[in-house]
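> Here it is: the structure, laid out below.
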Amino acid sequence: MIRAHQLTKRFADKNAVDGIDFVVEPGRVTGFLGPNGAGKSTTMRMILGLDAPTSGSVSVNGHRYAASPAPLREIGALLDAHAIHPGRSARDHLRWLAASNGIPTTRVGEVLDLVGLESVAGQRAGRFSLGMGQRLGIAAAMLGDPPVVVLDEPVNGLDPEGIRWVRTLARQLADEGRTVFISSHLMSEMALMADHLLVIGRGSILADCSMTEFMSDHAASYVRVKAPALGDAANLLTGRGLEVTRVDDELRIGGMDAPSVGELMFRHGLMVHELTLVRSSLEDAFMTLTADSVEYHASTEGAVA
């Protein structure tokens, strides 16, 4: 479990993290989302003791992570896939980490096999691609078989098979009862991976809820209707006080669920070809929630067509 209480980090005249409270529970994958500059990396660094809080506190399983005598057995973390000596082989990189935390060397082979790097374990890490570096970073995070796993953008540079593997691994770790805390800008993948979301913007918590609650609260939805007599359907639904928008050969209905729309049209003898509930994506919901928290807004004016 990770617990933060009034966690604050100030740089010069700006609060990068502004008095936040949260708990990352075991047994589920918690996604950590936020725009660039929102405070995600600073928060993760404070969890790991790499940055000291200006005020407040953060603990891992009831105590400060920095106080652990064998940190890799307490929490496995990947913050920077490039934080590897380029002259060391993947195997030697993991062997010295294991030795520093009293972990048997047999575990090195196990995690290399876990991440699919056993065939290149003797190669220098400086020659690795970004995706291979990510796999080696995850191997290091899993070296101590930790109860808490923290991964910052773990799918960067991975191919589709690798992305699916990370998703499966995260779900498996959560199912084993571990605490899994993952940040990512890849919203489509987070939608498939996370059970719970922690969203931060300008250093403050904007949402701390289940994925289901988040989508219910922040994702727009409408009922798509396609029918032969589209005009008659529009008149009927508008007459019931519903929000009706016509887009090409379909109606978009707000204010009533799909079964009720279908039943209403059936009672009035109107044939339906399609009746679908359409809900916006996690990306759309995230963008709506964080619109006022984005530090840099790009403009499309003058863009090349």
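> Only one of these conditions is not met by PHE214: (1) hydrophobic (A, V, I, L, M, F, W, C); (2) assigned to a helix (DSSP H, G or I); (3) at pLDDT 95 or above. Which number is it?
(3)
> Could I ask something else about it? ASP159 fails exactly one of the following numbered conditions: (1) within 28 Å of LEU192 (Cα to Cα); (2) surrounded by 13 or more Cβ atoms within 10 Å (Cβ to Cβ). What is the number of that condition?
For ASP159, the failing item is (2).
> While we're looking at this one, here's another question. Failed condition for ILE2, given (1) touching a helix residue (DSSP H, G or I) at 6+ places or on another chain (Cβ under 8 Å); (2) farther than 25 Å from LEU282 by Cα; (3) of a type in the set (A, V, I, L, M, F, W, C), with all others met?
Every condition holds for ILE2 apart from (2).
> I've got another one for you. Filter segment 183-211 for residues that are among the hydroxyl-bearing types (Ser, Thr, Tyr) and not in a strand (DSSP E or B); which is nearest to LEU251 (Cα to Cα)?
First, the residues of segment 183-211 that are among the hydroxyl-bearing types (Ser, Thr, Tyr): 183-184, 188, 204, 210.
With the extra rule that they be not in a strand (DSSP E or B), the set shrinks to 184, 188.
Details: SER184: 35, SER188: 27 Å.
Applying the filter and picking the extreme gives SER188.
> Look at VAL199 and say whether it is within 30 Å of LEU7 (Cα to Cα), modelled with pLDDT of 95 or more and of a type in the set (Val, Ile, Thr).
yes
> Six or more apart or on different chains, Cβ under 8 Å: which pairs go from a residue in segment 120-137 that's closer than 11 Å to SER89 by Cα to one that's basic (Lys, Arg)? Could you list them?
ALA121/ARG91; GLY122/ARG91; ARG124/ARG88; ALA125/ARG88
> Against the condition free of Cβ contacts under 8 Å to residues at least 24 places away in the same chain and within 30 Å of ARG171 (Cβ to Cβ), how does GLU213 come out, does it pass?
Values: free of Cβ contacts under 8 Å to residues at least 24 places away in the same chain: yes; within 30 Å of ARG171 (Cβ to Cβ): yes.
It is true that GLU213 is free of Cβ contacts under 8 Å to residues at least 24 places away in the same chain and within 30 Å of ARG171 (Cβ to Cβ).
> State which residue is surrounded by the most Cβ atoms within 10 Å (Cβ to Cβ) when the search covers only segment 235-255 and only residues that are assigned to a loop (DSSP other than H, G, I, E, B) and not charged (D, E, K, R).
So in segment 235-255, the residues assigned to a loop (DSSP other than H, G, I, E, B) come out as 240-242, 248-249, 255.
Pick out the ones that are also not charged (D, E, K, R) and you get 241-242, 255.
Values: GLY241: 9, LEU242: 18, GLY255: 14.
That would be LEU242.
> Next up: Quick one: how many residues across segment 4-40 are under 23 Å from PRO147 (Cβ atoms) and either modelled with pLDDT under 95 or among the basic types (Lys, Arg) (or both)?
Count: 2.
> Residue check: is ASP152 assigned by TED's automatic domain parsing to the domain that holds LYS40 and surrounded by fewer than 18 Cβ atoms within 10 Å (Cβ to Cβ)? Can you show your working first?
On the way: assigned by TED's automatic domain parsing to the domain that holds LYS40: yes; surrounded by fewer than 18 Cβ atoms within 10 Å (Cβ to Cβ): no.
No, not satisfied.
> Hey, could you check segment 130-158 for residues that are of a type in the set (Gly, Ala, Ser) and not in a helix (DSSP H, G or I) and say which is modelled with the highest pLDDT? Let's see the steps before the verdict.
At the first step, the residues of segment 130-158 found to be of a type in the set (Gly, Ala, Ser) are 131, 133, 137, 139-141, 144, 157.
From what's left, not in a helix (DSSP H, G or I): 144, 157.
Working: GLY144: 96, GLY157: 83.
Result: GLY144.
> In the list GLU176, GLU189, which residue meets the criterion of being buried (at least 16 other Cβ atoms within 10 Å of the Cβ), among the acidic types (Asp, Glu) and free of Cβ contacts under 8 Å to residues at least 60 places away in the same chain?
Of the residues listed, the single one that is buried (at least 16 other Cβ atoms within 10 Å of the Cβ), among the acidic types (Asp, Glu) and free of Cβ contacts under 8 Å to residues at least 60 places away in the same chain is GLU189.
> How many residues does segment 114-129 hold that are touching a Gly at 6+ places or on another chain (Cβ under 8 Å) and assigned to a helix (DSSP H, G or I)?
Residues flagged as touching a Gly at 6+ places or on another chain (Cβ under 8 Å) and assigned to a helix (DSSP H, G or I) within segment 114-129 amount to 3.
> Quick test for you: out of VAL223, VAL120, VAL148, pick the one residue that is out of contact with any helix residue (DSSP H, G or I) (no Cβ under 6 Å at 6 or more places or on another chain), more than 22 Å from VAL24 (Cα to Cα) and β-branched (Val, Ile, Thr). Show your work before the answer.
Details: VAL223 fails: out of contact with any helix residue (DSSP H, G or I) (no Cβ under 6 Å at 6 or more places or on another chain); VAL148 fails: more than 22 Å from VAL24 (Cα to Cα).
Result of the check over VAL223, VAL120, VAL148: VAL120.
> Which numbered condition trips up GLY302, out of (1) surrounded by 13 or more Cβ atoms within 10 Å (Cβ to Cβ); (2) modelled with pLDDT under 95; (3) part of a loop (DSSP other than H, G, I, E, B)?
(1)
The values are calculated or read from the model by the stated rules, or taken from the named source; none is laboratory data. No experiment lies behind these values; they were computed from the predicted model shown. Don't worry about glycine lacking a Cβ; one is built from the backbone with ideal geometry, like all the others, and counts go over all protein chains shown.
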